[in-house]
Structures are given as structure tokens and as C-alpha cells.
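K.L.:
Pasting a structure here, questions to come.
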Amino acid sequence: MHPITILSTLPPASVGAVFALILLKSELDVISIIGIVLLIGIVKKNAIMMIDFALLAERIEGKNSADAIFEACLLRFRPIMMTTMAALFGALPLALGHGTGSELRRPLGIAVAGGLVLSQILTLYTTPVIYLILDRVRLRLGSGSDVAAMAAQRGTL
């Protein structure tokens, strides 16, 4: 279930990139698509940091999912923001640059910067909500790990 949580962070990033390209009257070309792919990698890594920390808190510390994701949000906020700001400040010279060849690099910088801004605003709020919703769905449907745990207790696994 939690890979879906991680993948849920990608649409806001892509929408932010396309919206920034439209806003700054830039075209969606091969270079801007490369920027969106780069953006997807950064946003995905940020979501993995949060979700992985929450899953560890659930498994090792025995916390419920709401407490685990809350702690993950608090403790992973700074590393996520540091990663985002580093990528954003790396993309700004590309987006704002002028001179020879800047028309080629500019869409890449605009896509990355626009996607990072919108993605971070939305995903810091939506990722915990989606995590909790999918965790409740997982609990309602039951999981294969329950069967494995019971088999391990009986010594059959």
C-alpha cells in the first residue's frame, strides 16, 4: 500500500512544473520533460524519507500509524526541506539565466523550480493524510503479514 503513498506525491510535482511553464510562457519540450523526470526523482526521495521513517517507527517502536507519521513529519521535515531548497537553488540560475544557450536550459530550470515549489506545499500536507487513509484500508482488508506472523508463532514458517 505504501508505494501508492509515495507515488501520490508525483502528480502535484508534475502539475507544478507544467503550471510554471505555462505561467512563464515556456514550451513543454524535451529539455523541460528532462526537468520533470529530475523533479520526480527528488520528490519521490522526499516521500520515501517520510514514509520509511514512519514504517520504522511502527515496526520498531510499536507506534500506531497516526503517531508514527506525525513523528516522521516532525523529524524528517528539515532534511526534506534541505533537499528541496538545494535543488531549488540549483534550478534557479537555470530558470533565471540569460545569455548564450539560456533558451535551451531555461525550461529545465522552470520545470524543476515550479514543480518543487508546488510539490512541497502540497505533499507536506497530503502525504500524511494519504498514508493514514491507505493504512486504514490495509487494516480493513487484512494483510499477508498477519498470516506470516501467525505461522511464525506456530513454527510452521
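K.L.:
Check whether at least one residue in segment 63-86 is touching a helix residue (DSSP H, G or I) at 6+ places or on another chain (Cβ under 6 Å), free of Cβ contacts under 8 Å to residues at least 60 places away in the same chain and outside any helix (DSSP H, G or I), and report yes or no.
P.N.:
Yes, segment 63-86 contains at least one residue that is touching a helix residue (DSSP H, G or I) at 6+ places or on another chain (Cβ under 6 Å), free of Cβ contacts under 8 Å to residues at least 60 places away in the same chain and outside any helix (DSSP H, G or I).
K.L.:
So, in segment 86-129, how many residues would count as being open to solvent by less than 50 Å² (accessible area, probe 1.4 Å) and more than 12 Å from the chain's Cα centre (by Cα)?
P.N.:
Count: 17.
K.L.:
Another question, if that's okay. Does D29 fit the bill of being open to solvent by 40 Å² or more (accessible area, probe 1.4 Å), in contact (Cβ under 8 Å) with a residue 40 or more places away in the chain, out of contact with any Phe, Trp or Tyr (no Cβ under 6 Å at 6 or more places or on another chain) and charged (D, E, K, R)?
P.N.:
Yes; evaluated as a whole, the condition is true for this residue.
K.L.:
When you go through (1) over 30 Å from G142 (Cα atoms); (2) part of a helix (DSSP H, G or I); (3) without any contact (Cβ under 8 Å) to a residue 12 or more places away in the chain one by one for P11, which number turns out not to apply?
P.N.:
(1)
K.L.:
Quick one: is V137 assigned to a helix (DSSP H, G or I) and either surrounded by 14 or more Cβ atoms within 10 Å (Cβ to Cβ) or free of Cβ contacts under 8 Å to residues at least 60 places away in the same chain (or both)?
P.N.:
So V137 does not fit the description; no.
K.L.:
Here is a list: I40, I34, I80. Which entry is closer than 18 Å to G115 by Cα and either in contact with a strand residue (DSSP E or B) (Cβ under 7 Å, 6 or more places away or on another chain) or open to solvent by less than 30 Å² (accessible area, probe 1.4 Å) (or both)?
P.N.:
On inspection, the qualifying residue turns out to be I80.
K.L.:
A follow-up question, please. Considering only residues that are modelled with pLDDT of 90 or more and crowded, with 19+ Cβ neighbours inside 10 Å, which ones fall in segment 58-71?
P.N.:
If the condition is that a residue be modelled with pLDDT of 90 or more and crowded, with 19+ Cβ neighbours inside 10 Å, then A68, I69 are the ones that fit.
K.L.:
What number goes with the only condition from (1) more than 30 Å from L28 (Cβ to Cβ); (2) aliphatic (A, V, I, L, M); (3) free of Cβ contacts under 8 Å to residues at least 24 places away in the same chain that L132 does not pass?
P.N.:
Unmet for L132, out of (1) more than 30 Å from L28 (Cβ to Cβ); (2) aliphatic (A, V, I, L, M); (3) free of Cβ contacts under 8 Å to residues at least 24 places away in the same chain: (3).
The values are calculated or read from the model by the stated rules, or taken from the named source; none is laboratory data. Computed from a predicted structure; not experimentally measured. Backbone-built Cβ (ideal geometry, glycine too); neighbour counts: all protein chains shown. Heads up: the accessible areas ignore ligands, DNA and RNA and are worked out on the full protein's heavy atoms, side chains in. Shrake-Rupley method; radii C 1.70, N 1.55, O 1.52, S 1.80 Å.
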